[in-house]
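The values are calculated or read from the model by the stated rules, or taken from the named source; none is laboratory data. Keep in mind it's a predicted model, so treat the numbers as computed, not measured. We place every Cβ from the backbone using ideal geometry, glycine too, and count neighbours over all the protein chains shown. For accessibility, only protein heavy atoms count, side chains too; no ligands or nucleic acids. Shrake-Rupley method; radii C 1.70, N 1.55, O 1.52, S 1.80 Å.
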Amino acid sequence: MLKLVKYLKPFILSIILIFLLLFGQAQADLALPDFMSDIVNTGLQGGGIEDAVPLALRASELDRLLLLMNEPDRALVNARFERLEAPVSCGTLPDALIIQYPILATQDIARPLPMTAEERSALDAALMPAMTIYQGIVMGKGSLPVSGGLPIPPGTDVFEMLQDMPADARETLLSQARATLTGLSGTTMRQSSQAWQKAEYAQVGLDMGKIQNRYILNTGGLMLLVALLGAVCTILVGFLSARVAAGLARNLRHQVFRRVESFSNAEFDRFSTASLITRSSNDIQQIQMTLVILMRMMFYAPIMAVGGILKIVRSDISMTWIIGVAIALLMTMILILFTIALPRFKKVQKLVDRLNLVTREILSGLPVIRAFNTERHQEEKFDVANRDLTAVNLFVSRLMVLMMPFMMLIMNGVTLVIVWVGAQRIDMEAMQVGDLFAFMQYSIQIIMSFLMFSFVFILLPRASVSAQRIDEVLTTEPEIRDPETPVVFSPDGRGAIEFRQVGFRYPNAEEHVLHDISFTARPGETTAFIGSTGSGKSTLVNLIPRFYDVTEGEILIDGIDVRTVTQHDLRARIGYVPQKGILFTGDIAGNIRYGRPDATDEAVRQAAMTAQASGFIEASEEGYGKIVAQGGANVSGGQKQRLSIARALALKPSIFIFDDSFSALDFQTDANLRRALKQDTQDATVLIVAQRIGTIRNAEQIIVLDQGRITGIGTHDTLMRDCPVYQEIAYSQLSREELAV
């Protein structure tokens, strides 16, 4: 996958935005357990009391709390509270205060002044120990909680006793009482302060139900808002991820197609057509799907895992060993699955190639298959390829099926252990119920993050194989390339072709198929090539448009080596008609205009007339607008050849190459076509590869090939006299009387 990262450069801004949105989504998801913990601990158990700073309290109770503080804390509390004196008449204070604090009618109260968050935190730290000691006095029924105990006579008011004591003695005693708090957890102290405030609010006349409901609604509303923001981030991430992945797939298909277009025949020999189709479709689809998951999970999972671990460490580090064990089990299983799955994913893509190859062979050769009654054999051949692919896919799918139960077992096991350990800590007052719920949720989030990792790691091997296959195509440099400083053909050039001691060997082949080929083909003349099957005729003419490059020697057009000009300029001068007529989906006129889109209707009709194609074209109702099916399936072999010839004629090049392009024509059509071509190509260089003597006997120059070597050059008459190979071919096709005509 890393090899294709450079193709993500156009989407870098979208990827950055996705990362930021995922960070926002993760923060929202990580905040939700804290909100739930606050609702349980503070809203339900604590009655909506958030800290040790009371909304209001009796002035007498404030004085008692001050007795239990050291001097700095006492000064801080006095500075941050205001006192309201009673009795209060309607004219002294607003009626709202009487409604808000009913006890003001009979007793003085105190309430906190407005303050910053830092000041409130400091005030909370000062009040909580005093409230805990006070609650201990209440729970101890009047005894002072000091280390070792303190003998106090029955019925003695502890606060009056403390008030009457000398300051130094009181501070010593209270220091001992505060020392006992070091053995208490923060949870116990928080619960003590909440219990003290609940009792005091009841005395002041505050509505505890209202306080609790307000806190739960405010916290719940904020929780819903955060969840909504997380949902918005999730939707945007999904949208942007899909766009980026689709854009990358589009660009990769474009790059692959452009690269394949630049391939020479040597590269096509290396990559089969079925493999290139699989790489352009199935492999790129695998990359697209994996990229969506990578962006949505691979970025999100680490943020959630790290964030969840930090939250757990900050909240209750004594239970983090449970998460460590779960993560170790998960990583072990992921590693095992990755090791087993990777070789299978490589095999899957090769088997897909094989299945595509077999399918293409069967579909393209269906008439032959039916003619020889070999349907059963082809079915068995397809069934073998299909079964092989199915077996590997089933094996990989079973791995995936096994993965999920193990993951759920680990997740549920972790939940049970957390509940068991957490219940013990709650019983010891070292943890609150809400903290246990939050810990469980963070644990699930962490485990789910590793589940996402495992899911990505399962998909990644197949995607990496696909990426490697795509990269093979994109990094394959064509053997035939344009020169850095190309030469330009002269506008006055007429297309003279010269072969100088040309030798050729196919890539990775040990022997040459052409040896020491030298000849000249002149404008206005027809040069024909004939020889037995496999003698190198088609290979020779394929060297001119640089479908292959010569291994030895050089080919010149108008005195310029074809390797020194651009392929576009070279092929623009050549009208090429291959052995197998190839047509494209569209109408007949479009196929004839294929090499020259600006050709006029008259030029199209003239090319068709010369190619002897106008008869069957105009015989149909649609004429030149008749639709050609894929691959020319709705026209005959001879019609394909004539339309291919018309396409080359419409280009009006200076060089024509007919590679056995008359083999599907009857003798009459062949003769008419050659007469018409003689007129339309009188100024061009014409090269004809043929099997029939009758097609080439009137050529100005005939070159006879045998096993890749020239065994004769001349006219028909001279070759019949001097070339045994030509004579053998001629007598095998025509009688002596026919040859004498």
remark   = Net charge near GLY581 (other residues with Cβ under 9 Å of its Cβ; Lys, Arg +1; Asp, Glu -1) is +3
task = Using only the Cα atoms of the stretch 373-440, construct the convex hull and provide its projected area averaged over every direction, in square nanometres to one decimal.
result = 5.9 nm²
note = Taking r as the C-beta separation of GLN679 and LEU399 and R0 as 45 Å, the FRET efficiency to the nearest 0.05 is 0.05
key: Equivalent ellipsoid semi-axes, the stretch 237-285, via Cα gyration tensor eigenvalues times 5, rooted, Å   = 27, 11, 5
note = Ordering 235-245, 637-647, 372-382, 116-126 by per-residue average of other C-beta atoms within 10 angstrom, highest first, gives 637-647, 235-245, 116-126, 372-382
task = Report HIS254's accessible area, 1.4 Å probe, all protein chains in place, as a number in Å² to the nearest 10.
result = 100 Å²
key: Listed values (1) 35.1; (2) 31.9; (3) 29.9, entry calculated as Kirkwood radius over Cα pairs in Å   = (1)
message = Out of all DSSP beta bridges in the chain, what portion is antiparallel? Express it as a percent rounded to 5.
response = 60 percent
inquiry  = So if I take the alpha carbon set of the stretch 597-741, get Rg, then get Rh from the Kirkwood formula, what is the Rg over Rh ratio?
reply    = 1.02
remark   = Total charge of the residues flanking ASN41 in space, meaning their Cβ is under 11 Å from its Cβ, with Lys and Arg +1 and Asp and Glu -1, is -3
request  = With no solvent and one equal point scatterer placed on each C-alpha of the stretch 1-114, evaluate the Debye formula and give log10 I(q)/I(0) for q = 0.21 Å⁻¹, two decimals.
outcome  = -1.12
task = Over all directions, average the projected area of the Cα convex hull of the stretch 350-409 and note it in nm².
result = 4.6 nm²
note = Relative contact order of the chain (C-alpha contacts under 8 Å, at least 6 apart) in percent is 13 percent
key: the stretch 473-538 shape via C-alpha gyration tensor axes, a/c threshold 1.5   = oblate
query = For the chain, which whole-number percentage of the solvent-accessible area (1.4 Å probe, protein heavy atoms only) is attributable to carbon and sulfur atoms?
reply = 58 percent
ask   = Classify the stretch 334-460: rounded, prolate or oblate, from the alpha-carbon gyration tensor (a ≥ b ≥ c, eigenvalue square roots; a/c under 1.5 rounded; otherwise prolate if a/b is larger than b/c)?
value = prolate
task = Decide, for the stretch 174-220, between rounded, prolate and oblate: order the square roots of the alpha carbon gyration tensor eigenvalues as a ≥ b ≥ c, take rounded if a/c falls under 1.5, and otherwise choose prolate if a/b is larger than b/c, else oblate.
result = oblate
query = Ignoring ligands, DNA and RNA, what accessible area per residue does the stretch 219-318 give at 1.4 Å, in Å²?
reply = 50 Å²
Listed peptides 663-676, 530-543, 621-634 by packing density, highest first (mean Cβ within 10 Å) = 530-543, 663-676, 621-634
note = Given Cβ charges of +1 for Lys and Arg and -1 for Asp and Glu, the option among LEU394, GLY434, ILE99 whose Cα lies farthest towards the positive end of the dipole of the chain is LEU394
query = What is the mean projected area of the alpha carbon convex hull for the stretch 472-615, to one decimal in square nanometres?
reply = 12.0 nm²
task = Whole number in Å², please: accessible area per residue of the stretch 527-606, 1.4 Å probe, ligands, DNA and RNA not counted.
result = 41 Å²
note = Taking a probe of 1.4 Å and leaving out DNA, RNA and ligands, the stretch 4-45 shows per residue an accessible area in Å² of 50 Å²
ask   = What spacing in nm lies between the two simple spin-label points modelled at LEU217 and THR374, each 7 Å away from Cα in the Cβ direction?
value = 8.3 nm
message = Helix-only mean residue ellipticity at 222 nm, the chain, DSSP H runs n ≥ 4 weighted -39,500 (n - 2.57), per residue, nearest 500. What is it?
response = -19500 deg cm²/dmol
Protection proxy ranking, peptides 575-586, 24-35, average beta carbon neighbours within 10 Å, highest first = 24-35, 575-586
